[in-house]
1. Are there any GluC sites (Glu not before Pro) in the range 62-103 that are in a DSSP loop and have at most 14 other Cβ atoms within 10 Å? List them by number.
2. Quantify, in whole percent, the carbon and sulfur part of the accessible surface of the chain (1.4 Å probe; protein heavy atoms only).
3. Rounded to two decimals, what ratio of Rg to Rh does the range 149-192 give with C-alpha atoms and a Kirkwood Rh?
4. Which of the trypsin sites (Lys or Arg not before Pro) found in the range 1-87 are loop residues per DSSP with 15 or fewer other Cβ atoms within 10 Å of their Cβ?
5. Taking θ as phi - 60°, what are the ³J(HN,Hα) couplings along the range 150-156 by the Karplus curve (6.51, -1.76, 1.60), each to the nearest whole Hz, with x for Gly and Pro?
6. List, in order, the whole-Hz ³J(HN,Hα) value for each residue of the range 15-28 obtained from phi through the Karplus relation with A = 6.51, B = -1.76, C = 1.60 and θ = phi - 60°; use x for Gly and Pro.
7. What does the extension gain come out to for L192 and S100, with contour length at 0.36 nm per residue minus their alpha carbon separation?
8. Sequence-distant or interchain residues sharing an amide H contact under 5 Å with V119, placed H: which?
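The values are calculated or read from the model by the stated rules, or taken from the named source; none is laboratory data. All figures in this text were calculated on a predicted structure; none of them were measured in a lab. Positions of Cβ are backbone-derived with ideal geometry, glycine not excepted, and every protein chain shown enters the neighbour counts. Note: accessible area is taken over every heavy atom of the protein model, side chains too, but ligands, DNA and RNA are not part of it. Shrake-Rupley method; radii C 1.70, N 1.55, O 1.52, S 1.80 Å.
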Amino acid sequence: MVVDDHPIWRDGVARDLADEGFEVVATADGVGSARRRAGAVTPDVVLMDMQLPDGTGADATTAVLEVSPSSRVLVLSASDERDDVLEAVKAGASGYLVKSSSKAELVAAVRAIADGQAVFTPGLAGLILGEYRRMSAEPDPGHLRPSLTDRETEVLRHVAKGLSAKQIATRLSLSHRTVENHVQATLRKLQLGNRVELTRYAIEHGLDE
(Lines give C-alpha, C1' and ligand atoms only; values in the text may rest on other atoms or scores of the structure.)
Protein backbone atom coordinates (compact mmCIF):
# COMPACT_ATOMS: atom_id res chain seq x y z
CA MET A 1 0.00 0.00 0.00
CA VAL A 2 1.30 3.49 -0.86
CA VAL A 3 0.31 6.52 1.29
CA ASP A 4 1.03 10.00 -0.12
CA ASP A 5 -1.14 13.00 -0.97
CA HIS A 6 0.67 13.76 -4.25
CA PRO A 7 -1.13 11.63 -6.86
CA ILE A 8 1.58 11.84 -9.54
CA TRP A 9 4.32 10.69 -7.16
CA ARG A 10 2.04 8.12 -5.50
CA ASP A 11 0.97 6.61 -8.80
CA GLY A 12 4.55 6.61 -10.06
CA VAL A 13 5.80 4.63 -7.05
CA ALA A 14 2.87 2.23 -7.35
CA ARG A 15 3.70 1.71 -11.01
CA ASP A 16 7.40 1.12 -10.29
CA LEU A 17 6.55 -1.49 -7.67
CA ALA A 18 4.04 -3.21 -9.94
CA ASP A 19 6.69 -3.37 -12.66
CA GLU A 20 8.91 -5.27 -10.21
CA GLY A 21 6.22 -7.85 -9.48
CA PHE A 22 4.73 -6.37 -6.31
CA GLU A 23 0.96 -6.24 -5.91
CA VAL A 24 -0.11 -2.74 -4.86
CA VAL A 25 -3.33 -3.51 -3.00
CA ALA A 26 -4.32 0.08 -2.18
CA THR A 27 -3.26 3.72 -2.14
CA ALA A 28 -4.23 6.45 0.31
CA ASP A 29 -3.76 10.21 0.59
CA GLY A 30 -3.96 10.82 4.33
CA VAL A 31 -4.12 9.43 7.86
CA GLY A 32 -7.83 8.66 7.76
CA SER A 33 -7.82 6.94 4.39
CA ALA A 34 -4.65 5.01 5.29
CA ARG A 35 -6.34 3.63 8.40
CA ARG A 36 -9.51 2.64 6.54
CA ARG A 37 -7.74 0.97 3.65
CA ALA A 38 -5.14 -0.79 5.78
CA GLY A 39 -7.95 -2.23 7.88
CA ALA A 40 -9.66 -3.48 4.74
CA VAL A 41 -6.69 -5.00 2.89
CA THR A 42 -4.09 -5.70 5.67
CA PRO A 43 -1.06 -4.94 3.45
CA ASP A 44 2.27 -6.67 4.06
CA VAL A 45 4.22 -3.43 3.49
CA VAL A 46 3.06 0.19 3.62
CA LEU A 47 5.08 2.96 1.93
CA MET A 48 4.43 6.07 3.99
CA ASP A 49 5.12 9.75 3.35
CA MET A 50 5.78 11.95 6.40
CA GLN A 51 3.80 14.97 5.19
CA LEU A 52 0.06 14.31 4.91
CA PRO A 53 -2.84 16.78 4.79
CA ASP A 54 -4.52 15.50 7.96
CA GLY A 55 -1.49 14.61 10.08
CA THR A 56 2.03 13.24 9.94
CA GLY A 57 3.40 9.99 8.61
CA ALA A 58 3.98 8.98 12.22
CA ASP A 59 0.27 9.54 12.96
CA ALA A 60 -0.63 7.43 9.93
CA THR A 61 1.86 4.72 10.93
CA THR A 62 0.25 4.44 14.35
CA ALA A 63 -3.22 4.35 12.79
CA VAL A 64 -2.27 1.69 10.24
CA LEU A 65 -0.63 -0.58 12.82
CA GLU A 66 -3.66 -0.31 15.10
CA VAL A 67 -5.91 -1.86 12.45
CA SER A 68 -3.29 -4.02 10.70
CA PRO A 69 -0.62 -4.96 13.28
CA SER A 70 1.09 -7.43 10.95
CA SER A 71 1.87 -4.70 8.40
CA ARG A 72 5.40 -3.29 8.15
CA VAL A 73 5.80 0.42 7.45
CA LEU A 74 8.58 1.90 5.31
CA VAL A 75 8.66 5.68 5.43
CA LEU A 76 9.68 7.29 2.14
CA SER A 77 10.09 10.99 2.83
CA ALA A 78 11.73 14.11 1.45
CA SER A 79 12.94 14.88 4.98
CA ASP A 80 15.95 13.35 6.69
CA GLU A 81 15.58 15.52 9.79
CA ARG A 82 16.39 13.75 13.05
CA ASP A 83 13.03 14.49 14.67
CA ASP A 84 11.08 13.15 11.67
CA VAL A 85 13.11 9.95 11.59
CA LEU A 86 12.79 9.28 15.32
CA GLU A 87 9.09 10.15 15.32
CA ALA A 88 8.47 7.62 12.55
CA VAL A 89 10.45 4.85 14.23
CA LYS A 90 8.82 5.44 17.61
CA ALA A 91 5.42 5.16 15.89
CA GLY A 92 6.42 1.68 14.69
CA ALA A 93 8.01 2.20 11.26
CA SER A 94 10.46 -0.54 10.30
CA GLY A 95 12.49 1.62 7.93
CA TYR A 96 13.08 5.11 6.59
CA LEU A 97 14.30 6.12 3.13
CA VAL A 98 14.62 9.57 1.61
CA LYS A 99 12.72 10.16 -1.62
CA SER A 100 15.95 10.80 -3.49
CA SER A 101 16.74 7.07 -3.21
CA SER A 102 16.94 5.24 -6.52
CA LYS A 103 14.29 2.86 -7.80
CA ALA A 104 16.69 -0.04 -7.17
CA GLU A 105 17.20 1.10 -3.56
CA LEU A 106 13.45 1.41 -3.05
CA VAL A 107 12.74 -2.05 -4.47
CA ALA A 108 15.51 -3.60 -2.35
CA ALA A 109 14.17 -1.83 0.74
CA VAL A 110 10.62 -3.06 0.17
CA ARG A 111 11.88 -6.63 -0.22
CA ALA A 112 13.95 -6.34 2.96
CA ILE A 113 11.09 -4.83 4.96
CA ALA A 114 8.78 -7.60 3.75
CA ASP A 115 11.42 -10.08 4.95
CA GLY A 116 11.29 -8.58 8.44
CA GLN A 117 14.44 -6.47 8.30
CA ALA A 118 14.90 -2.85 9.34
CA VAL A 119 16.08 -0.56 6.52
CA PHE A 120 17.40 2.99 6.73
CA THR A 121 19.00 5.41 4.29
CA PRO A 122 22.78 5.38 4.91
CA GLY A 123 23.56 7.73 7.77
CA LEU A 124 20.18 7.38 9.44
CA ALA A 125 20.91 3.97 10.96
CA GLY A 126 23.64 5.52 13.10
CA LEU A 127 21.22 8.22 14.25
CA ILE A 128 18.67 5.59 15.33
CA LEU A 129 21.23 3.47 17.17
CA GLY A 130 22.65 6.55 18.86
CA GLU A 131 19.21 7.53 20.12
CA TYR A 132 18.55 4.03 21.41
CA ARG A 133 21.86 4.04 23.25
CA ARG A 134 20.95 7.35 24.85
CA MET A 135 17.58 6.01 25.88
CA SER A 136 19.14 2.82 27.22
CA ALA A 137 21.25 4.90 29.62
CA GLU A 138 18.06 6.06 31.32
CA PRO A 139 17.16 3.73 34.21
CA ASP A 140 13.98 1.70 33.99
CA PRO A 141 13.64 0.00 37.38
CA GLY A 142 10.21 -1.35 36.57
CA HIS A 143 11.44 -3.35 33.58
CA LEU A 144 11.64 -7.09 34.07
CA ARG A 145 13.50 -9.10 31.45
CA PRO A 146 11.50 -12.10 30.20
CA SER A 147 13.26 -15.44 30.04
CA LEU A 148 14.76 -16.24 26.64
CA THR A 149 16.36 -19.53 25.65
CA ASP A 150 20.10 -19.60 24.95
CA ARG A 151 19.39 -19.92 21.22
CA GLU A 152 16.92 -17.01 21.25
CA THR A 153 19.48 -14.87 23.03
CA GLU A 154 22.15 -15.87 20.52
CA VAL A 155 19.89 -14.94 17.60
CA LEU A 156 18.99 -11.66 19.33
CA ARG A 157 22.68 -10.75 19.64
CA HIS A 158 23.06 -11.08 15.88
CA VAL A 159 19.87 -9.07 15.24
CA ALA A 160 21.34 -6.30 17.41
CA LYS A 161 24.42 -6.24 15.20
CA GLY A 162 22.24 -5.57 12.16
CA LEU A 163 22.44 -9.01 10.52
CA SER A 164 19.57 -10.26 8.38
CA ALA A 165 17.83 -13.56 9.06
CA LYS A 166 19.73 -15.15 6.17
CA GLN A 167 23.07 -13.91 7.50
CA ILE A 168 22.24 -15.18 10.99
CA ALA A 169 21.23 -18.54 9.57
CA THR A 170 24.62 -18.84 7.86
CA ARG A 171 26.54 -17.77 10.98
CA LEU A 172 24.72 -20.26 13.22
CA SER A 173 24.32 -23.08 10.68
CA LEU A 174 20.54 -22.90 10.95
CA SER A 175 17.80 -22.70 8.35
CA HIS A 176 16.33 -19.31 7.49
CA ARG A 177 12.94 -20.54 8.74
CA THR A 178 14.41 -21.60 12.10
CA VAL A 179 15.95 -18.17 12.60
CA GLU A 180 12.65 -16.47 11.74
CA ASN A 181 10.85 -18.75 14.21
CA HIS A 182 13.29 -17.73 16.97
CA VAL A 183 12.82 -14.05 16.09
CA GLN A 184 9.03 -14.34 16.17
CA ALA A 185 9.12 -16.24 19.46
CA THR A 186 11.35 -13.55 20.95
CA LEU A 187 9.03 -10.79 19.73
CA ARG A 188 6.09 -12.53 21.42
CA LYS A 189 7.94 -13.08 24.70
CA LEU A 190 9.12 -9.47 24.83
CA GLN A 191 5.76 -8.15 23.60
CA LEU A 192 7.46 -6.17 20.84
CA GLY A 193 5.98 -5.30 17.48
CA ASN A 194 8.87 -5.45 15.01
CA ARG A 195 12.62 -5.83 14.49
CA VAL A 196 13.30 -2.16 15.13
CA GLU A 197 11.87 -2.51 18.64
CA LEU A 198 13.74 -5.80 19.03
CA THR A 199 17.02 -4.12 18.10
CA ARG A 200 16.35 -1.39 20.60
CA TYR A 201 15.69 -3.97 23.33
CA ALA A 202 18.92 -5.80 22.50
CA ILE A 203 20.97 -2.61 22.64
CA GLU A 204 19.36 -1.58 25.91
CA HIS A 205 20.50 -4.88 27.41
CA GLY A 206 24.01 -4.80 26.00
CA LEU A 207 23.48 -7.64 23.54
CA ASP A 208 25.15 -5.79 20.67
CA GLU A 209 28.62 -5.99 22.24
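1. E81
2. 48
3. Rg/Rh: 0.93.
4. Passing sites in the range 1-87 do not exist.
5. With the stated coefficients, the range 150-156 comes to 4, 5, 4, 5, 5, 5, 4 Hz.
6. 5, 4, 5, 4, 4, 8, x, 7, 9, 8, 7, 6, 10, 8
7. 30.0 nm
8. Distant-sequence amide H within range of V119: G95, Y96.
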